[in-house]
Amino acid sequence: MINLIISLILIVVGQCLIYFQGQSQFFWPWAKAHPVLMSLVGIPASLLFIYFIKYNAMAFDGQTWPGRIISFSAGTIVFAFLSSFVMGEAITAKTGVCIALSIIILLIQIFWK
């Protein structure tokens, strides 16, 4: 259980870094003017993803598919939340359904044995 918790923390933080790496150009002029420097955010994000994969595989007895699906679902949830919170984008019905499906997929991966 602790490996799963660690992996979830790692993927959420990593997805947040990737969100700001890519989306900052739309709300931060410095980021738009310095894409090469912004690309350096990819180094700590990559390390977080590598450790996410490690801990997630340990949580699922060496299986890697749950990690891929959890990463996708967490990325969708984080992106939607941050786009709404940081950029003020509305959660439309379509986006809301996609978030709900991502949550369901995440729960299936975690709890379906």
Using only Cα atoms, tell me the angle between helix 93-111 and the longest principal axis of the chain; keep it within 0 to 90° and round to the nearest 10. 30 degrees
Specify the angular offset, from 0 to 90 degrees and rounded to the nearest 10, of the alpha carbon long axis of helix 65-87 from the longest principal axis of the alpha carbons in the chain. 30 degrees
Quick one: helix 42-59 against the long Cα principal axis of the chain, what's the angle to the nearest 10°, folded into 0 to 90? 10 degrees
Distance in nm between LEU47 and LEU107 label points, each 7 Å along Cα→Cβ, equals 3.6 nm
Rough spin-label spacing in nm, given labels placed 7 Å along Cα→Cβ, for LEU40 and GLN63: 4.1 nm
Which lysines have a Cα less than 28 Å from the Cα of LYS113, not counting those fewer than 8 places away in the same chain? LYS54
Fewest Cβ neighbours within 10 Å first, please rank LYS94, LYS113, LYS32 accordingly. LYS113, LYS94, LYS32
What length, rounded to one decimal in nm, is gained on full extension from VAL13 through to TRP28, with 0.36 nm per residue of separation minus their alpha-carbon distance? 3.4 nm
Low-density loop cleavage sites - chymotrypsin sites (Phe, Trp or Tyr not before Pro) in the range 45-113, where at most 15 other Cβ are within 10 Å (DSSP): TRP112
Give me the number: length gained by fully extending ALA93 to ASN3, i.e. 0.36 nm times residue separation minus the C-alpha to C-alpha distance, one decimal in nm. 29.0 nm
From fewest to most C-beta neighbours within 10 Å, the residues ILE77, ILE9 line up as ILE9, ILE77
Given the -39500 (n - 2.57) contribution per DSSP H run of 4+ residues, what per-residue ellipticity at 222 nm results for the chain, rounded to the nearest 500 deg cm²/dmol? -27000 deg cm²/dmol
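Each value in this text was obtained by applying a stated rule to the coordinates, not by laboratory testing. Predicted, not measured: the structure shown is a model, and the values here were computed from it. A quick note on method: Cβ atoms are made from the backbone with ideal geometry, for glycine too, and the neighbour counts reach across all protein chains shown.
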